[in-house]
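Following: one structure in structure tokens, then a few remarks.
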Amino acid sequence: MKIVKWWFILTLISMSIYTPVYLVANDALDALDEATLVDLLPTVGIINRDYEREAASMARLGIDTGKQLGDALDDNPLIDDYEIDFVDSEEARQVLMLKGLKLVEIKAETENGNTLSLVFATLDKKFLKHYAAIGPMTHFSVSNGEDSYNVGPEEMTTYLSVLFADEDEHAAEAIAKLESFLPSKAQKAQQAFAQAMASTEASSPAIAGTAEQQASEPVQAEPVAALQAAIDAHIQQATARDGGAEYREARVVRNLDLNGDGEQDALVLYSIEGQGGGNGSFQTLAVLHAQDGGYALQASTVVNGSATDVKLLAAQTIGVSSLTLGPDDAMCCPTVESLQKFSWDGRQLVEVR
């Protein structure tokens, strides 16, 4: 009986000490609001790294790695207000049921009336576990209510880091850059006008051209369809083998005769993201030759992750352009162009150093 009595007394004492600690400890909302950039780096795919070294490197670029996320949003001149709350959706309930994680969303209203959204998977505090943990960022976007731009995994680190910039004008550049991806009213009006004109031309015999010209259009479209099918098939094989998905907006295709047979071959630059469940990405250069009414892959190789374009520099030299940060560039907005060169002998791609 004495043992039970002492056990009961000690339990009451320990609970009287623990309960206040649990009640005042941060929940997932507070933990995210008070997180620094160093805390958030693992959430965007930078894991198993020397974070002190990463922080020192970013500090040299003008990033305040000790600033809290809430303060970074408050200090940003292009953000009017923000709120943090748990996501209430079917997806969030599925994540909670299957993984035990709660989705937390930060919504920030910008001066231009747009909404910045950052969603993180979190492990909320529970009784007998008085701390909360921040998991991976699952969503990063900007929206104007009608259109939205989703930040790809390979860009999350850049835009998130710039939000913590020492200089307010540099921190604002991240917001301004994201908002620039949203179509303006003038652009949308121009698109609507172009679509209306295209529809009018297609329905008007006087404008559409002769019957011979109309009959030739499907023939001209066949190589394009065949090329797209060949590219899609190659990428599907790559993702089926190694996982991940293509970031379709980053695909670049250049048509040209590579082997002198008079047929239009293709240089293709594509990006695969999310392999192995991570937030990283890589880009690949592929060479396809026109053969027997279709296209066949000849060779492919991984290129620099910031590649933006591909072109033929000489008969056997292919150039891949990429943008890198200049001395005065914000981290979101590289302006210095570099060129990665590959020799092409009709069978393999070899980087020229």
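Assorted remarks:
- Qualifying helices (runs of 4 or more DSSP H) (wholly inside region 45-124; at least 3 residues being in contact (Cβ under 8 Å) with a residue 60 or more places away in the chain): 69-75
- The set of residues from region 249-263 being touching a helix residue (DSSP H, G or I) at 6+ places or on another chain (Cβ under 9 Å) and either of a type in the set (S, T, N, Q) or over 17 Å from Asp292 (Cα atoms) (or both) comprises Ala250, Arg251, Val253, Asn255.
- Of everything listed in (1) loosely packed, with under 15 Cβ neighbours inside 10 Å; (2) among the hydroxyl-bearing types (Ser, Thr, Tyr); (3) modelled with pLDDT under 85, the single unmet condition for Tyr22 is (1).
- Pick from region 237-256, criterion exposed (fewer than 12 other Cβ atoms within 10 Å of the Cβ) and out of contact with any Leu (no Cβ under 7 Å at 6 or more places or on another chain), ranking: modelled with the lowest pLDDT: Asp242
- Unique match (being over 18 Å from the mean Cα position of the chain (by Cα), assigned to a helix (DSSP H, G or I), surrounded by 14 or more Cβ atoms within 10 Å (Cβ to Cβ) and modelled with pLDDT under 55) among Pro218, Pro223: Pro223
- Residue count for region 277-300 satisfying the condition of being in a strand (DSSP E or B), farther than 10 Å from Asp265 by Cβ and modelled with pLDDT under 90: 4.
The values are calculated or read from the model by the stated rules, or taken from the named source; none is laboratory data. Values in this document were obtained by computation on a predicted structure and should not be read as measured data. A quick note on method: Cβ atoms are made from the backbone with ideal geometry, for glycine too, and the neighbour counts reach across all protein chains shown.
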